[in-house]
Amino acid sequence: MHIQTDRTVIEVLGSDGTELMLNYYIENREHLAPWEPTRSEEYFTLSNFSEMLHDNKKSFQDKTALKFSALNPERNEVIAVCNFTNIVFGPFQACNLGYSIAEKHQGKGLMSEVLSSTIAYVFEELNLHRIMANYIPENVKSSAVLERLGFEREGLAKSYLQIAGQWQDHILTSKLNPKHLAPNK
């Protein structure tokens, strides 16, 4: 399964993408560090990414998480990643969204392009009602992307996640599936 955008190919990578994913995280280690959990040296190994990609395929099949990689058209570089995790069906029909983009690809509108396509997939194919995305208040780029995509601010969670070695507050946002919204009366 893959999603084609104007400038990317988005898919859930299999084991053939292990080196591509490892390269993405090694090349962007410093760039991503302020926005992600502290990573051990073991994280940056082929064996770790091989196992993660294997687990990602299973999660995709089970519809418990969709961990997408956006590749350049030649499919030899990961440009960005976006993960729809903690997928819950039933009366909740929701998930969490996390994402990152390579430092050298920032400012080109690629993250919005990738997220627009993957959000459409989640709403159309999984028929989820709500996608929740949270960000550290200082992350103005993430704030701008989410606002551009129609996410609405819902609140502030104090000491929400341990990021970059310390507990960080997060702005809580969500986007609702337009198909599920009641018509205006």
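The values are calculated or read from the model by the stated rules, or taken from the named source; none is laboratory data. What you see is a predicted model; the values in this text were computed from it and never measured. Using ideal geometry, Cβ is built from the backbone for each residue, glycine included, and neighbour counts are taken over all protein chains shown.
Odds and ends about this structure:
- Top-ranked residue of segment 109-137 - restricted to ones that are in a loop (DSSP other than H, G, I, E, B), out of contact with any helix residue (DSSP H, G or I) (no Cβ under 7 Å at 6 or more places or on another chain) and in contact (Cβ under 8 Å) with a residue 24 or more places away in the chain, ranked as nearest to E36 (Cα to Cα): P137
- Flag if S142 is part of a helix (DSSP H, G or I), in contact (Cβ under 8 Å) with a residue 24 or more places away in the chain and small (G, A, S): yes
- Checking each residue in segment 78-99 for being β-branched (V, I, T) and on the phi > 0 side of the Ramachandran plot picks out no residue at all.
- Any pair with Cβ under 7 angstrom, 6 or more apart, that starts in segment 163-180 at a residue that is closer than 16 Å to A94 by Cβ and among the basic types (K, R) and ends at one that is modelled with pLDDT under 95 and not in a helix (DSSP H, G or I): none
- Condition check for M1: touching a strand residue (DSSP E or B) at 6+ places or on another chain (Cβ under 9 Å) and loosely packed, with under 15 Cβ neighbours inside 10 Å: yes
- Total residues in segment 4-30, condition surrounded by 15 or more Cβ atoms within 10 Å (Cβ to Cβ) and over 16 Å from S116 (Cα atoms): 12
- Residue match in segment 46-69 (condition: touching a Cys at 6+ places or on another chain (Cβ under 7 Å), surrounded by 13 or more Cβ atoms within 10 Å (Cβ to Cβ) and closer than 27 Å to L146 by Cβ): yes
- Residue count for segment 31-47, restricted to those that are touching a strand residue (DSSP E or B) at 6+ places or on another chain (Cβ under 9 Å) and among the hydrophobic types (A, V, I, L, M, F, W, C): 2
- Of all the numbered requirements in (1) farther than 20 Å from L71 by Cβ; (2) among the polar types (S, T, N, Q); (3) at pLDDT 95 or above, T118 misses one, and that requirement is (1).
- Positions within segment 98-108 being touching a helix residue (DSSP H, G or I) at 6+ places or on another chain (Cβ under 6 Å) and outside any strand (DSSP E or B), in sequence order: E103
For every residue, the table says whether it meets (1) of a type in the set (S, T, Y); (2) under 27 Å from Y160 (Cα atoms).
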residue: W35; (1), (2): no, yes
residue: L46; (1), (2): no, no
residue: S50; (1), (2): yes, no
residue: N72; (1), (2): no, no
residue: N86; (1), (2): no, yes
residue: Q106; (1), (2): no, yes
residue: G109; (1), (2): no, no
residue: V114; (1), (2): no, yes
residue: N139; (1), (2): no, yes
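- So N139, is it surrounded by fewer than 20 Cβ atoms within 10 Å (Cβ to Cβ) and more than 25 Å from T18 (Cα to Cα): yes
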